[in-house]
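Everything below concerns the one structure shown next.
The values are calculated or read from the model by the stated rules, or taken from the named source; none is laboratory data. Just so we're clear, the structure is a prediction, and the values are computed from it rather than from any experiment. Positions of Cβ are generated from backbone atoms using ideal geometry, with glycine treated the same way; all protein chains shown enter the neighbour counts.
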Amino acid sequence: MTSSCQTFSALRSNYEELQQLERQMLVLRMRQADGNESKAAGLLGVTRDSLNRRLQTFKLKGCGREPDSTT
């Protein structure tokens, strides 16, 4: 394997790790905010629009809300 391939491989691994961490942080903050996106955005220090984009990217819309036990 060439050094450029090794570098690319390491970068890809780091990128995937970073995405995994970001996803975990989004889930954690959404749970802490009981699914309230404005509150979660505040906890993360980002705008609600920015949070919405990230939630859509990771397919996490609705994350953090407890299932409705009445249905």
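Which of the residues that make up the range 8-37 are of a type in the set (Ser, Thr, Tyr) and surrounded by fewer than 11 Cβ atoms within 10 Å (Cβ to Cβ)? Don't jump to the end; show me each part of the working.
Just the residues of the range 8-37 that are of a type in the set (Ser, Thr, Tyr), to begin with: 9, 13, 15.
Matches in the range 8-37: Ser13, Tyr15.
Give all pairs with beta carbons closer than 9 Å in which a residue from the range 1-14 that is touching a residue at least 24 places away in the same chain (Cβ under 8 Å) meets a residue that is assigned to a helix (DSSP H, G or I); count only pairs at least 6 apart in sequence or on separate chains.
none
Count, please, the residues in the range 31-46 that happen to be without any contact (Cβ under 8 Å) to a residue 24 or more places away in the chain, in contact with a helix residue (DSSP H, G or I) (Cβ under 6 Å, 6 or more places away or on another chain) and part of a loop (DSSP other than H, G, I, E, B).
0
The conditions are (1) modelled with pLDDT of 85 or more; (2) surrounded by 13 or more Cβ atoms within 10 Å (Cβ to Cβ); (3) in a loop (DSSP other than H, G, I, E, B), and Gly64 fails exactly one of them. Which is it?
(1)
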